[in-house]
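The values are calculated or read from the model by the stated rules, or taken from the named source; none is laboratory data. Predicted model only: the values in this text are computed from it and were never measured. We place every Cβ from the backbone using ideal geometry, glycine too, and count neighbours over all the protein chains shown. Remember, those area values only see protein heavy atoms, side chains included, never the ligands or the DNA or RNA. Shrake-Rupley method; radii C 1.70, N 1.55, O 1.52, S 1.80 Å.
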Amino acid sequence: MVHKSATLAINEALERRLKAGEKVLHLGFGEAGLPVPDFILDVLREAAPANHYAPVTGEMAAREAAAGWFTRRGYPTDYSQILLGPGSKPLLFAAIMALDGALIIPQPAWVSYAAQAELLGVDTIKVPIGDECGGVPDPRLLSEAIAQANHDGVKIGGILLTLPDNPTGTVASQQDVDAVVEIARVNNLTIISDEIYADLVYSGEAPSPLKTYPEKTLVTSGLSKNMSLGGWRIGYIRFPRNDWGDTMRDTLIGIASETWSAMASPMQDVAAYALSEPPEIQEFVTKSKRLHEIISTAIWQEFVNAGAICRKPTAAFYIYPDFDPLRDILAAKGIDTSEKLAHELLTKHGIGTLQGSAFGDVPEALRLRVATSLVYGRTNEQRWTAYDSEDPLELPWIQESLEFLRDGLAALRR
């Protein structure tokens, strides 16, 4: 039986509590947390009458804009290498479907990777992440896992990376990525690189296997995170410009034609505009990224102060605290799994998070995925104020959220 995505389920559960008037701190859902700027709304209003079926691959202008997005980042791309879709999620699903063999995923990893593979009957091999960052399997453990799979006669089709990472809110170094790339090249494996958060690295450039392994790398992305357009469902995938890439592209076009048909026509115009990155788009992403960093770092500090171990966030709007130092205190309350820990925080202290086991982590590990971006405000006015503020931590509703979190974590320790 296939269950509802854990991230969607926690979001709906927390929203029900909020609408019922309960005091809840919503740290459970990875939505970018900002309203839609007027300059994007203007594009959609003008495009709204378009009700025709767009080409399966996407309109030329939108594909060219997506190709330009990659090219400006040092990865020369032609429009023919781009396929648009209704969000990056179905494109990831189609890419996993097109693989020939099992899929290696980091442990922990975004909830949908393993679920999509299960839907497709594709075996997954989980390889733990390293100490410094998430999204990339530890290279030593990756080599061991591949050797074991070969010994067991398991054919591996590819490796899925998340750059930057959800759930840990960290970004791997290019050196980390290159170590995985070398293993993939030796074993002739496809890399699927989920780069939906690539524009939200706090400092420096986002890494990518495209730098050293462009010939067998598929990159998925979209406008859900950098432009806060999750509900508009705008995604795209880049294929290599070679025979293998052409085959994969044609395969995914076939899958698309029999499933989602095309991305919504009005959204094609939005994609063409946003992906061309005029100055107002660049400013929006830059200011959004600053807000994400300030709030994520502040929430990270609260968990560290409460005694949890946690990688400091370096991208996006997540942290992944580990409560192992408090294991004895929590065990006295009957809390010995991440699911019980998340349940305790929500039901006793009104703090909504998501258990690490939902991301494929071992159940007894006391780790949680904490999303930080819904702290910006409950109304568009509050969110725009946070976006424009020189010091968002001084805003009363953000201070209230941090105090609520601090009090709840203190009570958890008692």
**Fill in**
Note on the stretch 184-211: residues surrounded by 19 or more Cβ atoms within 10 Å (Cβ to Cβ) and assigned to a helix (DSSP H, G or I) are A184, A198, D199, L200, P209, L210
**Message:** Residues that are within 29 Å of W244 (Cβ to Cβ), in a loop (DSSP other than H, G, I, E, B) and outside the structural domain of A386 (by the TED database): does the stretch 58-69 have at least one?
**Reply:** yes
**Candidate set from the stretch 70-80 (those that are part of a loop (DSSP other than H, G, I, E, B) and not aromatic (F, W, Y)); member that is least open to solvent (accessible area, probe 1.4 Å)** = T77
**Item:** From L44, L83, L14, residue being in a helix (DSSP H, G or I), surrounded by 21 or more Cβ atoms within 10 Å (Cβ to Cβ) and of a type outside the set (F, W, Y)
**Value:** L14
**Message:** Out of S228, S173, I need the residue that is among the hydroxyl-bearing types (S, T, Y), open to solvent by 30 Å² or more (accessible area, probe 1.4 Å) and more than 12 Å from the chain's Cα centre (by Cα). Which one?
**Reply:** S173
**Fill in**
Condition set assigned to a loop (DSSP other than H, G, I, E, B) and not charged (D, E, K, R), scope the stretch 244-285, selection most open to solvent (accessible area, probe 1.4 Å): answer is T259
**Message:** When you scan the stretch 93-103, do you find a residue that is closer than 14 Å to N166 by Cβ and either under 19 Å from the mean Cα position of the chain (by Cα) or not acidic (D, E) (or both), even just one?
**Reply:** no
**Request:** Among the residues of the stretch 134-147, count how many are in a loop (DSSP other than H, G, I, E, B) and crowded, with 22+ Cβ neighbours inside 10 Å.
**Result:** 3
**Test: residue in the stretch 88-110 that is aliphatic (A, V, I, L, M), in the same structural domain as W244 (by the TED database), open to solvent by 60 Å² or more (accessible area, probe 1.4 Å) and touching a Leu at 6+ places or on another chain (Cβ under 9 Å)** = yes
